[in-house]
1. Could you list 225, 176 so that the one with the fewest beta carbons within 10 Å of its beta carbon is first and the one with the most is last?
2. Match the structure shown to one of the listed values (1) 1.07; (2) 1.62; (3) 0.95 of Cα Rg over 2.2 N^0.38 Å, computed from it, and give that label.
3. Can you give me the relative contact order of region 3-87 as a percent, contacts being Cα pairs under 8 Å and 6 or more apart?
4. Can you show me the helix-derived [θ] at 222 nm for the chain, built from DSSP H runs with n ≥ 4 at -39,500 (n - 2.57) apiece and divided by the number of residues, rounded to the nearest 500.
5. Order by neighbour count: 173, 137, fewest other Cβ atoms within 10 Å first, most last.
6. Would you mind checking the tilt of helix 89-113 against the longest principal axis of the Cα atoms of the chain, expressed as 0 to 90 degrees and rounded to 10?
7. By per-residue mean of other Cβ atoms within 10 Å, what is the highest-first order of 47-55, 117-125?
8. Normalised by the number of residues in the chain, what is the relative contact order in percent for Cα pairs under 8 Å and 6+ residues apart?
């Protein structure tokens, strides 16, 4: 299996790896810091560098436990080549801030109303998250926004840890998504906002809530009787 470097170090901007193979789908490496699209977070972009050649990484996806880097001109690479990967850091860091912001909102809504997440999506200028909420009044929206920004300003550490799958049985609050979406692997990754929230997650995050900036709720949408959407923008 490929070594997923971003799972341990979200701030890793460059790395070296061996080319395992090249296919019509993309370049497969033995390790990567590029985040593949998934969990509502878009993939990273950046470069693969081999000697004097630079290959633009336009899209990254995971399939059958392998990560494919979609690049132009990959046919000039050969298995065994050592390449340097360079992440488009501005893009990555934006997604990190938004992803952690969604975890703050998820924690706030879960703690206040016992609601869990039914979906989420991050883009470069906004993000959205859906909850199992029956009512989302203007008053509730203001409470959610205020509490979320309170957590942000408290500069809480954001930590990564790994737990055995069996621990979910002892701590079901770690599950904020549909159980069927949880990867069928023995060790699971948990993102913890110190003293506030912890949940299973495979995305990239900032290391302190203060890095998020101010969370502003810009829109709410009724997606059904028990499904409400909140859209946010970071300032």
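Every number here is computed from the coordinates shown, using simple stated rules; none is lab data. This one's a predicted model, so the numbers in the text were calculated from it and none came from an experiment. Backbone-built Cβ (ideal geometry, glycine too); neighbour counts: all protein chains shown.
1. Going from sparsest to densest Cβ surroundings: 225, 176.
2. Among (1) 1.07; (2) 1.62; (3) 0.95, the one derived from this structure is (1).
3. Relative contact order, region 3-87: 36 percent.
4. -6500 deg cm²/dmol
5. 137, 173
6. Helix 89-113 sits roughly 30 degrees off the main axis of the chain.
7. Peptide ranking by packing, descending: 117-125, 47-55.
8. Relative contact order for the chain comes out at 19 percent.
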